[in-house]
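Quick notes on the structure that follows.
The values are calculated or read from the model by the stated rules, or taken from the named source; none is laboratory data. Since the model is a prediction, treat every value here as computed from it, not as a measurement. Using ideal geometry, Cβ is built from the backbone for each residue, glycine included, and neighbour counts are taken over all protein chains shown. Heads up: the accessible areas ignore ligands, DNA and RNA and are worked out on the full protein's heavy atoms, side chains in. Shrake-Rupley method; radii C 1.70, N 1.55, O 1.52, S 1.80 Å.
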Amino acid sequence: MVRKILQKYGIRGGCHDQHFLIDERSLDSIVDQAELSEKDVVLEIGGGIGNLTERLLEKAGKVYVIELDPALVHVLKDRFSDNEKIEIIPGDVLKLDLPKFNKVVANLPYSISSPITFKLFKHEFELGILMYQYEFAQRMVAKANTEDYSRLSVNTHYFADADIIMKIPPSAFSPPPEVWSAVVKVVPRPSSFHVEDPQFFLDLVTAVFLQRRKKLRNAIIKGNHLLNVPNIKQIVAELPEEFMSKRAENLEPHELAEIANHIFKMKATS
């Protein structure tokens with residue numbers, strides 16, 4: 001079915017980081033994981049030729065589809081113009097204001113996975129079933145003291161619970177990518193730890209992971225251009241040695257939050 005659509009519209013994929021999922025079983029599994037009903041408003045990012053879109057329309061009450069490629073926007077409009085449930089939004093997802101939705105289901109463009117994910121975290125939604133490059137998915141769910149633990153791991157943990165629920169081989173796509181893919185289930189929730197200022201916390205996490213091989217005291221000082229804290233060396237000197245002698249990759253998200261909270265309070269009084 002999917003191959004016939006590609007042939008009909010003369011679409012080969014590959015442009016704009018496009019790799020179309022053509023494995024019917026994987027497509028069905030992704031939609032099943034979203035547990036859709038007529039009450040759900042779904043956001044799909046990168047509608048492509050509509051192979052996932054058609055399945056979403058069968059179960060959801062409303063589907064917003066964002067697509068950058070004008071040729072694929074034409075395909076989507078041609079295939080689904082008579083379906084009142086769909087609204088096709090042409091444009092760059094990173095530049096658009098997102099509509100209101102309660103679930104997001106998408107095969108994300110891998111080259112912009114990080115900014116799209118962080119943009120989604122700024123919006124309220126109940127559930128995300130999102131496909132990423134496998135290595136990116138591993139970093140999303142990684143724990144402290146592991147090789148994959150990163151800024152992405154900490155930020156994801158701050159905003160949501162995330163689990164890899166499916167691994168998909170290159171052969172499931174047309175054209176096949178050079179990497180394996182993974183579907184991640186994302187469930188937003190309130191943070192399990194207190195943060196004085198969310199943006200300052202996120203900036204600190206960015207700063208220390210930019211210098212992930214340095215001990216924390218040096219990483220914070222080196223990354224102070226992101227924090228703009230006067231007397232940063234003096235403030236860092238007052239932080240617990242048990243933290244300062246470690247590297248960012250050795251600290252749990254709640255420990256990084258403790259450090260961010262302390263620096264933020266000291267910054268406010270300086």
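Each row is one residue, and each column tells you yes or no for (1) without any contact (Cβ under 8 Å) to a residue 40 or more places away in the chain; (2) outside any loop (DSSP other than H, G, I, E, B).
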position: Lys100; (1), (2): no, no
position: Ser114; (1), (2): yes, yes
position: Thr117; (1), (2): yes, yes
position: Met140; (1), (2): no, yes
position: Lys143; (1), (2): yes, no
position: Asp148; (1), (2): yes, no
position: Asn155; (1), (2): no, yes
Name the helices (runs of 4 or more DSSP H) wholly inside segment 198-247 in which the number of residues that are touching a Ser or Thr at 6+ places or on another chain (Cβ under 9 Å) and aliphatic (A, V, I, L, M) is 2 or more. none
For Lys167: the one exception among (1) touching a Ser or Thr at 6+ places or on another chain (Cβ under 8 Å); (2) within 22 Å of Lys119 (Cα to Cα); (3) open to solvent by 60 Å² or more (accessible area, probe 1.4 Å): (2)
With respect to Val187, is the statement that it is farther than 30 Å from Lys267 by Cβ, part of a strand (DSSP E or B) and touching an Asp or Glu at 6+ places or on another chain (Cβ under 7 Å) true? yes
Only one of Pro176, Pro109, Pro188, Pro198 that is more than 30 Å from Gly61 (Cβ to Cβ) and either touching a residue at least 60 places away in the same chain (Cβ under 8 Å) or of a type in the set (Asp, Glu) (or both): Pro176
Determine whether segment 182-193 contains at least one residue that is at pLDDT below 95, touching a helix residue (DSSP H, G or I) at 6+ places or on another chain (Cβ under 9 Å) and open to solvent by 60 Å² or more (accessible area, probe 1.4 Å). yes
In segment 224-238, what residues are farther than 17 Å from Glu258 by Cβ and within 25 Å of the chain's Cα centre (by Cα)? Leu226
Within segment 28-45, track down each residue that is touching a strand residue (DSSP E or B) at 6+ places or on another chain (Cβ under 7 Å) and of a type in the set (S, T, N, Q). Ser29, Gln33
Checking the condition of a type outside the set (Gly, Ala, Ser), in a loop (DSSP other than H, G, I, E, B) and crowded, with 17+ Cβ neighbours inside 10 Å, which residue from Val104, Val65, Val73, Val93 passes? Val93
